[in-house]
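Asker: Sharing a structure below in structure tokens format, with a few things to ask.
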2 protein chains.
Amino acid sequence: MTPFKLSDELLAEIEQLIENQKDTQLSSLLEEVHYADVAEIINELNEDEATYIIKLLESDKTSDILTELDEDIREAILGNLSTKEIAGELEELDTDDAADIVAELPKEIVQEVISEIEDKEHAKDIVDLLRYDENSAGGLMAKELVKVRENWNVLTCVKEMRAQAENVTRVHSIYVVDEDDKLMGRLSLKDLLTTSTKTHIKEVYIPKVDAVNVNEKPEEVAKIMSKYDLEAIPVVDEIGRLVGRITIDDIVDVIREEADKDYQMAAGISQDVEADDSIWDLTRARLPWLILGLIGGLGAAAIMGGFEEMIAQHAILFFFTPLIAAMAGNVGVQSSAIIVQGLANDDLKGSISNRLIKEMLLAALNGIILAVILLMFTWWYKDDFYVALAIALSLIVVIVVAGIIGTFIPLFLHKRGIDPAIATGPFITTSNDIFGILIYFWIAKLVLGI
Amino acid sequence: MTPFKLSDELLAEIEQLIENQKDTQLSSLLEEVHYADVAEIINELNEDEATYIIKLLESDKTSDILTELDEDIREAILGNLSTKEIAGELEELDTDDAADIVAELPKEIVQEVISEIEDKEHAKDIVDLLRYDENSAGGLMAKELVKVRENWNVLTCVKEMRAQAENVTRVHSIYVVDEDDKLMGRLSLKDLLTTSTKTHIKEVYIPKVDAVNVNEKPEEVAKIMSKYDLEAIPVVDEIGRLVGRITIDDIVDVIREEADKDYQMAAGISQDVEADDSIWDLTRARLPWLILGLIGGLGAAAIMGGFEEMIAQHAILFFFTPLIAAMAGNVGVQSSAIIVQGLANDDLKGSISNRLIKEMLLAALNGIILAVILLMFTWWYKDDFYVALAIALSLIVVIVVAGIIGTFIPLFLHKRGIDPAIATGPFITTSNDIFGILIYFWIAKLVLGI
């Protein structure tokens, strides 16, 4: 299979069918399409057309479609549905997806929507989930899971499990709890099936089970699940009670979002925006970093102004400022990116000072190679050895300093509990531009004895 | 649970135990530790210590440890094991992990290692997998899966499944094939259990099943699985025969690696390196981009040399070149990053020309805001309105051009089938530096009439 590709023809056909209210044809056309792909189609339609499709299809499909839609389109569609219709959609969803949708609803209708949910247990679970911070394991987990009491016997267990499993799409594990709902361990399906029905669970369960706290950060949960190759992990509250479980498909989304965020941060885009967002959103995400760059550039101009008297004697020095600034920026971004990534993947070992020494050696090695190239070129080009030497020597120092700054700042921010990803991209480039130019003119002045 | 943190104390204790050959204590200490964490420990030990631990522990654990180790350490350890010992490790692994390890072995021992594997079926599967390109669905898949023939009845099916399931850690789906092994559909466990044992599979299976071709790129498989929330997907060959399956944990690794690669590319690091790699590896990954930057800087110097006569009259113009270059670079990286990300996530719609127009408007908006700030500052600072105007006007044009270049290049590369991620970072920065400076002096010359 190849992923579904939305064609202009299909879109036109669907718009036509909606306009002519060909409900039967439209339903049978969309029935064949996966809900994630229907969401892709609806993202391209206008509000009325989108609502039309949602009202037309069965709620077991539309509920899944809703979870996959762009947020603004979902909001528009839900605004056109009655509270009863919204409740019907929530009824079909797993509690985690339902809670995410409820969290987006206008405050004044939340209570009414929830009271319209017929399955009271489901409604209660959704309300429970609303309590948790979106940016925590609690905000990620679902209530759907299979759990058994340690003092049940196998027969009771199987009976209860069958009832519970109806609500759970994929049973990854059977969790064992005590009478206070405290997570005690897990049960393998195989053991359950090969044990006499009178045996108590207590005697057969595996007392070792990985779990995360309800307040754990999603990134940490992602790290744990991918490191230990888990497809689901139970979530416990402060006193060890089993309150939910997180499945790997939610973690895949976390990893993707995390990577996108870091990438954008490194590129100087400060909010979670997409290429298709409005110009205004994109400006707000990008302008702050550009203003930072502007301030840095003004700082660089001021520094160069301080060395104005050198222009008369060695104008050529000024021609190399973009080169020096660019190298300082590039080296800084390289060093910081590798540290930020090491921190994110948790594979950074050893002390900060060792790390700085290594980066210094690395930068010095790169710097010397580049400086030799630069020296030969400039000497040949300008036939003034001392000027060429001054520029080349500065380049080495600038690169070493840029490497140290690029290494130190993310490590420092991380120690302070600040996301080090902020220190890549424009931040490092700008500060290194300024330091680089300052060092450059200062060394040139020393070497040339001006 | 929190992820395991390797402490210096624990490491020292383990090294001590190895030195004193306290095998019982060492085994019982490591028995409690997850294999992924033991791998973390071994990554910090020297070759002899690492080999000691691998030889000490049981091969059902060491085989998993081996898959998690850094490549160079694994290579060193395997070099110290006999072909029989290596075969013993492979025996314990799933075919996909085993094939990955075999692919790393020195060519001259591969045949011997494989012939030492006792389970001939397992050996055959590993050899089959070696045929596939690492960078394809075939290189990612495992042979372990549960498949049944459509002409079997339910009873045969259950019997055969039980035998197959022994080799499969997690049964995600039961796949149905015809007598030529062609994938026909899948079977739900529930249907299987509620149907009379004499019924033929043909009558109960679900004929719709998502599958990927064995030559599909891993990134595409990742997209499909995460879009459709699949935990496993069957892999078929060119004529539709079921040849393997890919599980979500492998996809999590693909997504992480992909994100890391794009991030590094944007930061000007050209190979897959980690902060803990050798200085030599790190230099090789970073130097090419720095040389590119150096060449760009020399280009900028040459351009500025061409405007040398302006220095006498308006030295101040030269002070703003780092600012212009930095802004051109920043805007270029912002534009290209958002396009690269849009392409990677497949959420870029509309035509290239619409995209360029939008980016132009966005850049113009940002440019005008920044130019006004710059104009006021420079005017106040130098009290020369025309110079200030020249600088500010150039800034707008430079930003718009940088935005267009940043948008166009990744789209162009993508159309040509080249990974657009290469066009972010140093590449865009360097080309925009040069264009920016050229445009800047050219406009300044026009405005000031020099």
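Asker: Based on this model, can you work out whether A:Tyr35 counts as more than 27 Å from the chain's Cα centre (by Cα), of a type in the set (Phe, Trp, Tyr) and either modelled with pLDDT of 95 or more or over 20 Å from A:Glu134 (Cα atoms) (or both)?
Answerer: No: the conditions fail for A:Tyr35.
Asker: I'd like the full set of residues that are crowded, with 19+ Cβ neighbours inside 10 Å and within 19 Å of the chain's Cα centre (by Cα), limited to the range A:233-253.
Answerer: A:Ile246, A:Thr247, A:Ile248, A:Asp250, A:Ile251, A:Val252
Asker: Within the range B:340-358, how many residues turn out to be touching an Asp or Glu at 6+ places or on another chain (Cβ under 8 Å) and crowded, with 17+ Cβ neighbours inside 10 Å?
Answerer: 5
Asker: If you don't mind, another one. Of the conditions (1) under 30 Å from B:Lys202 (Cβ atoms); (2) in contact with a Leu (Cβ under 7 Å, 6 or more places away or on another chain), B:Val146 satisfies every one except a single condition; which number is it?
Answerer: That leaves (2) as the condition not met.
Asker: Check the range B:363-383 and report whether any residue there is over 30 Å from the mean Cα position of the chain (by Cα) and on the phi > 0 side of the Ramachandran plot. Give the derivation first.
Answerer: As a first pass, look at the range B:363-383 and keep what is over 30 Å from the mean Cα position of the chain (by Cα): B:363-383.
Then keep just the ones that are on the phi > 0 side of the Ramachandran plot; that gives B:383.
Among the residues of the range B:363-383, at least one is over 30 Å from the mean Cα position of the chain (by Cα) and on the phi > 0 side of the Ramachandran plot, which makes the answer yes.
Asker: Restricting attention to the range B:304-328, and to residues there that are more than 7 Å from chain A (Cβ to nearest Cβ) and modelled with pLDDT of 90 or more, which single residue is farthest from A:Ile324 (Cα to Cα)? Give the derivation first.
Answerer: In the first step, residues of the range B:304-328 are kept if they are more than 7 Å from chain A (Cβ to nearest Cβ); the result is B:306-307, B:309-310, B:312-314, B:316-317, B:324, B:328.
Add one more test, that the residue is modelled with pLDDT of 90 or more, and what stays is B:324, B:328.
On the way: B:Ile324: 14, B:Ala328: 16 Å.
It comes out as B:Ala328.
Asker: How many residues does the range A:331-366 contain that are of a type outside the set (Val, Ile, Thr), over 24 Å from B:Leu11 (Cβ atoms) and in contact (Cβ under 8 Å) with a residue 12 or more places away in the chain?
Answerer: Looking only at the range A:331-366, we keep the residues that are of a type outside the set (Val, Ile, Thr), and these are A:332, A:334-337, A:341-351, A:353-356, A:358-366.
With over 24 Å from B:Leu11 (Cβ atoms) added as a condition, the list becomes A:332, A:334-337, A:360-366.
Retained after the next criterion (residues that are in contact (Cβ under 8 Å) with a residue 12 or more places away in the chain): A:332, A:334-337, A:360, A:362-364, A:366.
Of the residues in that region, 10 qualify.
Asker: For the range B:59-76, which residues satisfy the criterion of being modelled with pLDDT of 90 or more and either within 19 Å of B:Asp94 (Cβ to Cβ) or out of contact with any Asp or Glu (no Cβ under 7 Å at 6 or more places or on another chain) (or both)?
Answerer: Initially, the range B:59-76 is screened for residues modelled with pLDDT of 90 or more, giving B:61-69, B:73-76.
Passing the criteria: B:Lys61, B:Thr62, B:Ser63, B:Asp64, B:Ile65, B:Leu66, B:Thr67, B:Glu68, B:Leu69, B:Ile73, B:Arg74.
Asker: Do the conditions hold for B:Leu361, that is, is it facing chain A (nearest Cβ under 8 Å), assigned to a helix (DSSP H, G or I) and surrounded by fewer than 17 Cβ atoms within 10 Å (Cβ to Cβ)? Break it down into steps so the answer makes sense when it comes.
Answerer: Working: facing chain A (nearest Cβ under 8 Å): yes; assigned to a helix (DSSP H, G or I): yes; surrounded by fewer than 17 Cβ atoms within 10 Å (Cβ to Cβ): yes.
Yes; evaluated as a whole, the condition is true for this residue.
Asker: For A:Val113, work out the one condition from (1) within 14 Å of another protein chain (Cβ to nearest Cβ); (2) over 28 Å from the mean Cα position of the chain (by Cα); (3) closer than 25 Å to A:Gly139 by Cα it doesn't fulfil.
Answerer: (1)
Asker: Filter the range A:271-287 for residues that are assigned to a loop (DSSP other than H, G, I, E, B) and of a type in the set (Asp, Glu) and give the result.
Answerer: Let us first name the residues in the range A:271-287 that are assigned to a loop (DSSP other than H, G, I, E, B), namely A:271-278.
Correct list: A:Asp272, A:Glu274, A:Asp276, A:Asp277.
Asker: Moving on to the next point. Kindly establish whether B:Arg256 is farther than 30 Å from B:Ala328 by Cβ, at the interface with chain A (Cβ under 7 Å from one of its Cβ atoms) and either among the charged types (D, E, K, R) or free of Cβ contacts under 8 Å to residues at least 24 places away in the same chain (or both). Please lay out each step first, then the result.
Answerer: Numbers: farther than 30 Å from B:Ala328 by Cβ: yes; at the interface with chain A (Cβ under 7 Å from one of its Cβ atoms): yes; either among the charged types (D, E, K, R) or free of Cβ contacts under 8 Å to residues at least 24 places away in the same chain (or both): yes.
So B:Arg256 passes the test.
Asker: Right, next: Output the residues belonging to the range A:150-161 that are surrounded by fewer than 19 Cβ atoms within 10 Å (Cβ to Cβ) and hydrophobic (A, V, I, L, M, F, W, C).
Answerer: A:Trp152, A:Leu155, A:Val158
Asker: Would you mind telling me which numbered condition in (1) facing chain A (nearest Cβ under 8 Å); (2) touching a residue at least 40 places away in the same chain (Cβ under 8 Å) B:Leu395 fails?
Answerer: (1)
Asker: Just wondering, is there one or more residues in the range B:36-56 that are closer than 26 Å to A:Asn213 by Cα, in contact (Cβ under 8 Å) with a residue 24 or more places away in the chain and of a type outside the set (A, V, I, L, M, F, W, C)?
Answerer: yes
Asker: Can you name the condition, by its number, that A:Gln25 falls short on among (1) of a type outside the set (Phe, Trp, Tyr); (2) more than 12 Å from chain B (Cβ to nearest Cβ); (3) without any contact (Cβ under 8 Å) to a residue 12 or more places away in the chain; (4) closer than 18 Å to B:Lys208 by Cα?
Answerer: Only one criterion is unmet by A:Gln25, namely (4).
Asker: Determine whether the range B:224-245 contains at least one residue that is acidic (Asp, Glu), within 12 Å of chain A (Cβ to nearest Cβ) and closer than 28 Å to B:Glu91 by Cα.
Answerer: Narrowing the range B:224-245 to residues acidic (Asp, Glu): B:229, B:231, B:237-238.
Subsequent filtering for residues that are within 12 Å of chain A (Cβ to nearest Cβ) retains B:229, B:231.
Next, only the ones that are closer than 28 Å to B:Glu91 by Cα stay: B:231.
Yes, the conditions are met somewhere in the range B:224-245.
Asker: Looking at the structure I just gave you, is B:Gly329 assigned to a helix (DSSP H, G or I), within 30 Å of the chain's Cα centre (by Cα) and not acidic (Asp, Glu)? Spell out the reasoning first.
Answerer: Values: assigned to a helix (DSSP H, G or I): yes; within 30 Å of the chain's Cα centre (by Cα): yes; not acidic (Asp, Glu): yes.
Judged against the criteria, B:Gly329 is a match.
Asker: Within the range B:414-422, does at least one residue satisfy the condition of being among the aliphatic types (A, V, I, L, M), touching a residue at least 40 places away in the same chain (Cβ under 8 Å), within 14 Å of chain A (Cβ to nearest Cβ) and closer than 20 Å to A:Leu323 by Cα?
Answerer: No, that holds for no residue.
Asker: Another question about this same structure. Just to be sure I understand, how many residues within the range B:113-149 are touching a residue at least 24 places away in the same chain (Cβ under 8 Å), surrounded by fewer than 19 Cβ atoms within 10 Å (Cβ to Cβ) and either in contact with a strand residue (DSSP E or B) (Cβ under 6 Å, 6 or more places away or on another chain) or basic (Lys, Arg) (or both)?
Answerer: Residues flagged as touching a residue at least 24 places away in the same chain (Cβ under 8 Å), surrounded by fewer than 19 Cβ atoms within 10 Å (Cβ to Cβ) and either in contact with a strand residue (DSSP E or B) (Cβ under 6 Å, 6 or more places away or on another chain) or basic (Lys, Arg) (or both) within the range B:113-149 amount to 1.
Asker: Six or more apart or on different chains, Cβ atoms under 6 Å: show the pairs whose first residue is in the range B:280-295 and of a type in the set (D, E, K, R) and whose second is not in a helix (DSSP H, G or I).
Answerer: From the range B:280-295, the pairs are B:Asp281/B:Val273; B:Arg286/B:Ile269.
Asker: Now for a separate question. Going residue by residue through the range A:267-279, is there one that turns out to be touching a residue at least 12 places away in the same chain (Cβ under 8 Å), touching a Pro at 6+ places or on another chain (Cβ under 9 Å) and on the phi > 0 side of the Ramachandran plot?
Answerer: So the first thing to find is which residues in the range A:267-279 are touching a residue at least 12 places away in the same chain (Cβ under 8 Å), and the list is A:267-273.
Checking which are touching a Pro at 6+ places or on another chain (Cβ under 9 Å) leaves us with A:267-268, A:270.
The next check asks that each one be on the phi > 0 side of the Ramachandran plot; those that pass are A:268.
Yes: one or more hits.
Asker: Related question: Could you tell me whether B:Ile368 is part of a helix (DSSP H, G or I) and at the interface with chain A (Cβ under 8 Å from one of its Cβ atoms)? Explain how you work it out, then say what you get.
Answerer: Values: part of a helix (DSSP H, G or I): yes; at the interface with chain A (Cβ under 8 Å from one of its Cβ atoms): no.
So B:Ile368 does not fit the description; no.
Asker: Here's a follow-up. Being among the hydrophobic types (A, V, I, L, M, F, W, C) and facing chain A (nearest Cβ under 9 Å) is the filter; apply it to the range B:210-223 and report the residue that is nearest to B:Asp346 (Cα to Cα). Break it down into steps so the answer makes sense when it comes.
Answerer: If we filter the range B:210-223 for residues that are among the hydrophobic types (A, V, I, L, M, F, W, C), which is where we start, we get B:211-212, B:214, B:221-222.
Filter again for facing chain A (nearest Cβ under 9 Å), leaving B:211-212, B:222.
Details: B:Ala211: 20, B:Val212: 18, B:Ala222: 12 Å.
Filtering the range B:210-223 for residues that are among the hydrophobic types (A, V, I, L, M, F, W, C) and facing chain A (nearest Cβ under 9 Å), the one nearest to B:Asp346 (Cα to Cα) comes out as B:Ala222.
Asker: What single numbered condition from (1) facing chain B (nearest Cβ under 10 Å); (2) touching a strand residue (DSSP E or B) at 6+ places or on another chain (Cβ under 9 Å); (3) part of a loop (DSSP other than H, G, I, E, B) fails to hold for A:Asp250?
Answerer: The single condition A:Asp250 does not satisfy is (3).
Asker: Tell me which residues, restricted to the range B:423-444, are within 10 Å of chain A (Cβ to nearest Cβ) and aliphatic (A, V, I, L, M).
Answerer: Listed by number, the residues that qualify are B:Ile428, B:Ile434, B:Ile437.
Asker: Of the residues A:Gly296, A:Gly268, only one is part of a helix (DSSP H, G or I), crowded, with 18+ Cβ neighbours inside 10 Å and among the small types (Gly, Ala, Ser); which?
Answerer: Numbers: A:Gly268 fails: part of a helix (DSSP H, G or I).
Testing whether each residue is part of a helix (DSSP H, G or I), crowded, with 18+ Cβ neighbours inside 10 Å and among the small types (Gly, Ala, Ser) leaves just A:Gly296.
Asker: Please determine, by comparing only the residues of the range B:332-357 that are facing chain A (nearest Cβ under 7 Å) and either assigned to a helix (DSSP H, G or I) or in contact with a Gly (Cβ under 6 Å, 6 or more places away or on another chain) (or both), which one is farthest from A:Ala267 (Cα to Cα).
Answerer: Looking only at the range B:332-357, we keep the residues that are facing chain A (nearest Cβ under 7 Å), and these are B:333-334, B:337-339, B:341-342, B:347-349.
Adding the requirement that they be either assigned to a helix (DSSP H, G or I) or in contact with a Gly (Cβ under 6 Å, 6 or more places away or on another chain) (or both) leaves B:333-334, B:337-339, B:341-342, B:348.
Details: B:Val333: 6, B:Gln334: 5, B:Ala337: 6, B:Ile338: 9, B:Ile339: 11, B:Gln341: 11, B:Gly342: 14, B:Leu348: 18 Å.
That would be B:Leu348.
The values are calculated or read from the model by the stated rules, or taken from the named source; none is laboratory data. Everything quoted here is computed from the prediction, not taken from an experiment. Here the Cβ is made from the backbone with ideal geometry for all residues, glycine too, and neighbour counts use every protein chain on show.
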